Amino acid sequence: MSEFMGVFYGCLVAGGLYLLDRFLPKWFGALPGIAYFIFMIWLMIYKNGHNILGLFTVLIVGEAIINSIWIESIESRKKKTQKELDKMKAKDLS
């Protein structure tokens, strides 16, 4: 049951980051990635070698997920801005 709760909490955090990246400034998306990286390095140092390969795998996968959420939200903002600009140009031409 502990593994399920870990995955559940991870999904909640990813969902929260997804929503926050949509509404907060785009530089905010870098902060969770940096905090996660620092936390995982701290765990690797102070775990004294216990399952370091597993922690490294979690670091890589977690960073990939956090950064993909951030990049996707930036691309979504660009598309939205471009769509608004196209509407404005169309209105100006008519």
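The values are calculated or read from the model by the stated rules, or taken from the named source; none is laboratory data. All of these numbers come straight from a predicted model, not from anything done at the bench. Glycine also receives a Cβ, built like all others from the backbone with ideal geometry; neighbour counts cover every protein chain displayed. Surface accessibility is based on the protein's heavy atoms, side chains included, excluding ligands, DNA and RNA. Shrake-Rupley method; radii C 1.70, N 1.55, O 1.52, S 1.80 Å.
Couple of notes before you dig in:
- Residue count for the stretch 45-63, restricted to those that are open to solvent by less than 100 Å² (accessible area, probe 1.4 Å) and either part of a helix (DSSP H, G or I) or more than 19 Å from Ala35 (Cα to Cα) (or both): 11
- Residue pairs whose Cβ atoms lie under 6 Å apart, sitting 6 or more positions apart in sequence or on different chains, and linking a residue in the stretch 14-31 that is of a type in the set (A, V, I, L, M) to a partner that is open to solvent by less than 30 Å² (accessible area, probe 1.4 Å) and in a helix (DSSP H, G or I), are Leu17/Pro32; Leu17/Ile69.
- Residue identified as open to solvent by 80 Å² or more (accessible area, probe 1.4 Å) and among the aliphatic types (A, V, I, L, M) among Ile71, Ile66, Ile41: Ile71
- None of Arg77, Arg22 is assigned to a helix (DSSP H, G or I), basic (Lys, Arg) and under 13 Å from the mean Cα position of the chain (by Cα) except Arg22.
- Unique match (being surrounded by fewer than 12 Cβ atoms within 10 Å (Cβ to Cβ) and aliphatic (A, V, I, L, M)) among Ala30, Ala14, Ala35: Ala35
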